[in-house]
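Report on the structure given below.
The values are calculated or read from the model by the stated rules, or taken from the named source; none is laboratory data. Note that the structure is predicted; figures quoted are calculated from it, not measured. Glycine also receives a Cβ, built like all others from the backbone with ideal geometry; neighbour counts cover every protein chain displayed. We work out accessible area using only protein heavy atoms, side chains counted, and drop any ligands, DNA or RNA first. Shrake-Rupley method; radii C 1.70, N 1.55, O 1.52, S 1.80 Å.
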Amino acid sequence: MGVTIGFISATTKELDRAEKDPEWANAFVYELYTSEDFPMPDRPYGGPDKAWAGLQFLIDATDVQFDFLMDGEQIVDDGTLFGWSVEQVASVARELRATPWEQLAAHYAPEKMTSEGVYPNVWRFDAEGELAWLESAYDDLVAFFTQAAGAGYGAFMTFSF
């Protein structure tokens, strides 16, 4: 299992309802992911999964204004579900598209990430393989935000631990 982050696109109407009714939001997001129709071609989803903290480490070393755990609006009190407005998704999409992977990869420091305990703390085992994993997760993140913004969506962010 582990600590994971995922995103699934959301309409403004869904985000508004989620803010007013967190229990509905939890059930709704669960149903989106477990539906027979998942994945739905008209509803982008994706995310960094377990690579979120490694990506955050790299992002923090740049001037990119993005924070998995601080951006968005908390919907559920336990911190497992957040809402990202259409405007936030569009802004993040622009920021990520303007940030090539190489800019982040230049800050990859497996020894420092290990000593700081950056989750999932696998950096010392296969440094090059983990860098490729982070690149793949970044590509997925950029694709999600680009597709969601292009379709005029906001997003639900799930944080599982």
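Quick look at the values:
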quantity: Among (1) touching a Phe, Trp or Tyr at 6+ places or on another chain (Cβ under 8 Å); (2) within 21 Å of A18 (Cβ to Cβ), the one test that Y153 misses; calculated: (1)
quantity: Matching residues, the stretch 96-144, being more than 27 Å from D42 (Cα to Cα) and basic (K, R); calculated: K112, R124
quantity: Identity of the residue in the stretch 1-16, β-branched (V, I, T) and open to solvent by less than 40 Å² (accessible area, probe 1.4 Å), that ends up farthest from R43 (Cα to Cα); calculated: V3
quantity: Residue within the stretch 63-73 that is over 30 Å from E128 (Cα atoms) and under 14 Å from the mean Cα position of the chain (by Cα) present; calculated: yes
quantity: Selected residue (criterion: most open to solvent (accessible area, probe 1.4 Å)) from residues of the stretch 54-68 that are of a type in the set (A, V, I, L, M, F, W, C) and closer than 21 Å to G2 by Cβ; calculated: F57
quantity: Within the stretch 114-125, tally of residues that are open to solvent by 40 Å² or more (accessible area, probe 1.4 Å) and either in a helix (DSSP H, G or I) or at pLDDT 95 or above (or both); calculated: 4
quantity: Unique residue being assigned to a loop (DSSP other than H, G, I, E, B) and touching a Leu at 6+ places or on another chain (Cβ under 7 Å) when the list is T99, T62; calculated: T62
quantity: Matching residues in the stretch 1-59 - criterion: being more than 16 Å from T158 (Cβ to Cβ) and of a type in the set (F, W, Y); calculated: F57
quantity: Every residue from the stretch 17-53 that is open to solvent by 70 Å² or more (accessible area, probe 1.4 Å), free of Cβ contacts under 8 Å to residues at least 12 places away in the same chain and among the charged types (D, E, K, R); calculated: R17, K20, E23, E31, E36, D37
quantity: Cβ-Cβ under 7 Å pairs, at least 6 apart or on other chains, the stretch 142-161 side more than 17 Å from L69 (Cα to Cα), far side of a type in the set (S, T, N, Q) and surrounded by fewer than 24 Cβ atoms within 10 Å (Cβ to Cβ); calculated: Y153/T11
quantity: Residue in the stretch 145-152 that is in contact with a Leu (Cβ under 8 Å, 6 or more places away or on another chain), at pLDDT 95 or above, part of a helix (DSSP H, G or I) and surrounded by fewer than 19 Cβ atoms within 10 Å (Cβ to Cβ) present; calculated: yes
quantity: The listed residue being acidic (D, E), in contact (Cβ under 8 Å) with a residue 12 or more places away in the chain and open to solvent by less than 70 Å² (accessible area, probe 1.4 Å), out of E111, E95; calculated: E95
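Residues checked against (1) open to solvent by 60 Å² or more (accessible area, probe 1.4 Å); (2) touching a helix residue (DSSP H, G or I) at 6+ places or on another chain (Cβ under 9 Å); (3) of a type outside the set (K, R):
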residue: M70; (1), (2), (3): yes, no, yes
residue: E73; (1), (2), (3): yes, yes, yes
residue: L131; (1), (2), (3): no, yes, yes
residue: A143; (1), (2), (3): no, no, yes
